[in-house]
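What follows is a single structure, written as structure tokens, with notes after it.
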Amino acid sequence: MFTEPLLSGVTLGGIYALIAMGLTLQYGVARIMNLSYGESLVAACFAALWLFTAISVNPLLGLFIIVPLAAVINWLVYQILLMPLVRRAPSRDALEVDSILATFGLLFVAQGVMLAIFGGNYFSYDFLSIPVKIFGATVSASRLLALGFAVVIGLALYLGLTRTRAGTAIRAVAVDPVSALLVAIDVRATAAFAYALGGALVAAGGVLVSMFLTFNASLGVVFTMKALIVVIMGGVGNLLGCLVAGMILGLTETFVATYVDPGLTLAATYVIFILVLLLRPQGLFGARRS
Amino acid sequence: MKLNAKLLLGLAAAAALSLSAPMLSAQDAAPKSIKIGYAISKTGPNAGGANITQIPNYQLWVQEVNAKGGLMLKQYGKRIPIEVIEYDDRSNSEEAVRAVERLIEQDKVDLLLPPWGTGINLAVGPTFNKHGYPQLTFSAVTDRAPELAKRWPNSFWFLGTSKQYIDALVDLLVKLRKEGKINDQIAMVSVADGFGIDLSKAARAGFEKAGFKLVFDRSYPIGTQDMAPIIGEAQRSKADTFVAFSYPPDTVALVDQSRLTSYAPKVMFTGVGTFFPLFPQRFGENAEGVMSLGGWSKDNKATMEYREKIRKLVNRDPDYWGSQIGYSSLQMLEQAIERVGKIDRAAIIKELQTGTFDTVIGKIKLENNMPKDAFWLLGQWQDGLYVGVAPQRPGVAELRVPKAPWKK
């Protein structure tokens with residue numbers, strides 16, 4: 001009885017974390033508040049769907065095609081579209097505002113392209129939707145897989161960022177780009193790399209959630225909203241925070257739905273969000289800004 | 001004298017002009033096209049529904065009419081092609097109202113087609129009514145339909161009231177209970193949005209009146225796709241009947257979760273999406289036995305031909321509830337216009353209210369601006385086709401209960 005909501009809460013939390021990890025890199029390090037984030041995720045869903053239904057490449061193999069492709073596309077977007085903003089921005093706050101406007105435009109372009117190609121219909125396909133029993137509770141293999149990826153990616157990147165030289169450079173840029181320049185870190189290249197890495201993560205998330213979510217071209221904004229909440233709650237730029245915040249939201253939603261009322265899941269989510277904002281405005285794992 | 005002559009000449013010219021103007025327009029009045037406009041959700045949350053039920057119908061109908069050369073208007077003694085003006089309402093009621101006003105006042109359209117969905121159709125209702133345009137809605141279900149048809153005689157509500165669907169469902173369940181096929185307990189969930197709220201409200205009253213016990217009755221926020229808690233609780237209840245008034249993504253999630261956890265209620269009724277082509281594509285054999293609104297005649301050649309045309313046009317099937325009814329409403333509009341023989345909106349409305357029309361779903365005559373016994377209220381997936389199981393009218397399929405067990 002208790003393991004069932006626990007397990008589905010943890011898987012849901014993993015999915016939330018997975019959805020939000022790319023944004024925390026793009027927003028936390030590259031300082032691009034990417035409003036077209038959800039569209040990138042939906043685009044990855046469509047890519048996985050197309051690979052699977054048109055040329056029967058299963059989504060797990062699809063990851064190896066879609067993720068590198070997404071990294072390249074995002075790197076190009078950063079170099080071509082966002083670099084002019086980075087160059088002329090007098091401060092990081094100004095860059096945030098500018099990037100909101102630019103990516104807001106990008107949102108409509110991406111959505112328009114997907115609408116033109118796929119139309120506004122709902123899509124869903126059947127892959128790995130097989131029951132797995134864990135401690136007497138049943139969960140689908142695809143959701144479990146998404147959880148696994150979230151944990152692995154989250155921990156690997158967390159370790160990569162804290163234990164390696166390149167990771168330290170990325171964190172330095174996230175904390176203080178001016179001082180980072182002083183210690184010979186190529187801030188722009190690092191930011192572009194972080195943006196591309198974030199793009200790769202969101203693509204991985206998109207491919208994985210497309211295995212069990214029903215989506216259409218207009219669903220992007222839903223993912224952007226969810227990702228933003230997770231990122232802000234966990235602390236901008238912190239992958240571990242992302243994982244923890246995702247878990248808190250997933251577990252809250254599932255336990256509220258099971259023991260209180262499924263109608264109150266959103267309310268519970270926002271109550272927690274507001275509490276975090278009130279008590280720890282920098283997010284659970286966020287560093288206090290000086 | 002000279003002045004007088006000039007004045008006379010001028011007067012004569014003016015008279016000639018003023019005389020010739022109306023004469024000219026009477027001769028040459030046949031317009032190049034009949035302008036038909038609509039605002040519909042091409043983007044936003046309603047786009048999914050609008051794209052499947054409504055937009056292909058509009059495209060198909062205009063294509064077919066124009067292939068014949070247009071609408072036959074006796075007034076001019078010839079066919080006049082349709083010109084379409086289309087706006088995206090972005091799934092936003094205010095946007096839809098603005099677009100409809102623009103279509104009427106700036107684009108000066110001759111006729112309007114309705115937007116998608118109950119909410120937006122209600123929102124544009126006053127505008128259609130104020131300007132006297134017929135509004136043939138076929139993606140709106142509201143218990144206020146009879147009242148609205150009275151208040152706005154130009155509005156037609158093809159899908160009718162939520163109550164009629166619930167009445168049909170209750171009748172079926174009562175019959176099953178009498179036959180001892182199900183117990184008297186029902187588990188019900190609904191999405192906390194227009195469709196879910198309306199239908200679950202009507203269902204609550206209907207089930208209670210028929211002596212059923214609602215052992216599980218919950219709503220969930222729109223956008224929820226994690227159904228493990230809901231299906232888990234429904235499974236623990238002892239209900240033989242599971243009813244969900246859901247939207248497409250949640251419908252898929254509910255059915256998928258039931259399959260995963262081998263939750264097998266004897267009657268499984270799910271909401272919007274069940275009758276979409278997506279459903280059998282996604283679930284294959286596991287779609288068998290799942291019930292919902294709408295339905296398809298298993299042996300009606302006209303609807304099968306209609307399905308072929310939609311397939312050719314958009315490369316997929318129509319949905320099995322509103323699509324066929326929507327196309328029929330357009331056929332009715334076409335026939336009404338041609339019978340009236342000119343773009344006289346008041347006369348067209350009158351003809352729609354009183355005439356009898358030939359459509360792909362059969363003969364339709366409206367009663368209080370709603371079709372009566374013209375289509376299936378409830379359907380069930382049987383052998384790969386979503387067949388009508390209620391009301392009891394010719395061609396009805398036998399309801400299959402209990403639902404077939406899930407195949408892995």
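The values are calculated or read from the model by the stated rules, or taken from the named source; none is laboratory data. What you are looking at is a predicted structure, and each value in this text was computed from that prediction instead of being measured. Counting neighbours? That spans all protein chains shown, and the Cβs are built from the backbone with ideal geometry, glycine included.
Miscellaneous remarks
- Elements of type helices (runs of 4 or more DSSP H) in region B:258-373, at least 2 residues being at pLDDT 90 or above, acidic (Asp, Glu) and over 22 Å from residue B:152 (Cα atoms): B:301-314
- From B:67, B:39, residue being away from every other protein chain (no Cβ under 14 Å), under 23 Å from residue B:342 (Cα atoms) and among the hydrophobic types (A, V, I, L, M, F, W, C): B:67
- All conditions in (1) touching a Phe, Trp or Tyr at 6+ places or on another chain (Cβ under 7 Å); (2) not in a helix (DSSP H, G or I) hold for residue B:181, with the sole exception of (1).
- Condition check for residue B:111: more than 25 Å from residue B:309 (Cβ to Cβ) and touching a residue at least 60 places away in the same chain (Cβ under 8 Å): no
- Enumeration of residues in region A:241-290 that are hydroxyl-bearing (Ser, Thr, Tyr), under 22 Å from the mean Cα position of the chain (by Cα) and more than 9 Å from chain B (Cβ to nearest Cβ): A:252, A:269, A:270
- Taken over region A:147-188, residues that are small (Gly, Ala, Ser), surrounded by 13 or more Cβ atoms within 10 Å (Cβ to Cβ) and over 21 Å from the mean Cα position of the chain (by Cα) amount to 3.
- In region A:232-281, the residues that are small (Gly, Ala, Ser) and crowded, with 21+ Cβ neighbours inside 10 Å: A:234, A:235, A:237, A:241, A:245, A:246, A:250, A:257
- Residue within region B:299-313 that is closer than 27 Å to residue B:357 by Cα and buried (at least 24 other Cβ atoms within 10 Å of the Cβ) present: no
- Of the criteria (1) part of a helix (DSSP H, G or I); (2) β-branched (Val, Ile, Thr); (3) more than 14 Å from every other protein chain (Cβ to nearest Cβ), which one residue B:231 fails: (3)
- Selection within region B:236-257 - of a type in the set (Asp, Glu) and in a loop (DSSP other than H, G, I, E, B): B:240
- Residue in region B:155-175 that is in a helix (DSSP H, G or I), within 22 Å of residue B:389 (Cβ to Cβ) and free of Cβ contacts under 8 Å to residues at least 12 places away in the same chain present: yes
- Residue check, residue A:151 touching a residue at least 12 places away in the same chain (Cβ under 8 Å), under 30 Å from residue B:46 (Cα atoms), away from chain B (no Cβ under 14 Å) and among the aliphatic types (A, V, I, L, M): no
- Test: residue in region A:224-235 that is more than 11 Å from chain B (Cβ to nearest Cβ), within 23 Å of residue A:140 (Cα to Cα) and under 19 Å from the mean Cα position of the chain (by Cα): yes
- Among the residues of region B:65-76, some residue qualifies, meaning at least one is part of a helix (DSSP H, G or I) and either exposed (fewer than 11 other Cβ atoms within 10 Å of the Cβ) or modelled with pLDDT under 95 (or both).
- In region B:241-259, the qualifying residues are those that are facing chain A (nearest Cβ under 10 Å) and among the hydroxyl-bearing types (Ser, Thr, Tyr), and the one that is farthest from residue B:401 (Cα to Cα) is B:247.
- Positions within region A:181-208 being free of Cβ contacts under 8 Å to residues at least 12 places away in the same chain and in a helix (DSSP H, G or I), in sequence order: A:181, A:182, A:189
- Qualifying residue in region A:67-82 (condition: crowded, with 16+ Cβ neighbours inside 10 Å and either in contact with a strand residue (DSSP E or B) (Cβ under 7 Å, 6 or more places away or on another chain) or closer than 22 Å to residue B:48 by Cα (or both)): no
- From the options A:75, A:50, residue that is more than 30 Å from residue B:90 (Cα to Cα), aromatic (Phe, Trp, Tyr), away from chain B (no Cβ under 14 Å) and part of a helix (DSSP H, G or I): A:75
- Considering only residues in region A:110-131 that are free of Cβ contacts under 8 Å to residues at least 40 places away in the same chain and more than 9 Å from chain B (Cβ to nearest Cβ), the one that is farthest from the chain's Cα centre (by Cα) turns out to be A:116.
- Contacts under 6 angstrom Cβ, first residue in region B:54-70 being closer than 12 Å to residue B:36 by Cβ, partner assigned to a helix (DSSP H, G or I), 6 or more apart: B:61/B:330
- Selection from region A:65-101 of residues that are under 18 Å from residue A:35 (Cα atoms) and touching a Pro at 6+ places or on another chain (Cβ under 9 Å): A:92
- Within region A:1-45, being among the aromatic types (Phe, Trp, Tyr), within 14 Å of another protein chain (Cβ to nearest Cβ) and in contact with a helix residue (DSSP H, G or I) (Cβ under 7 Å, 6 or more places away or on another chain) holds for one residue alone: A:16.
- Count of residues meeting criterion [farther than 21 Å from residue A:269 by Cα and among the polar types (S, T, N, Q)] in region B:224-239: 2
- Restricting attention to region B:159-210 and to residues that are among the acidic types (Asp, Glu) and within 27 Å of residue B:223 (Cβ to Cβ), the residue that is farthest from the other protein chains (Cβ to nearest Cβ) turns out to be B:198.
- When residues of region A:132-146 are limited to those that are more than 9 Å from every other protein chain (Cβ to nearest Cβ), outside any loop (DSSP other than H, G, I, E, B) and in contact (Cβ under 8 Å) with a residue 60 or more places away in the chain, the one surrounded by the most Cβ atoms within 10 Å (Cβ to Cβ): A:146
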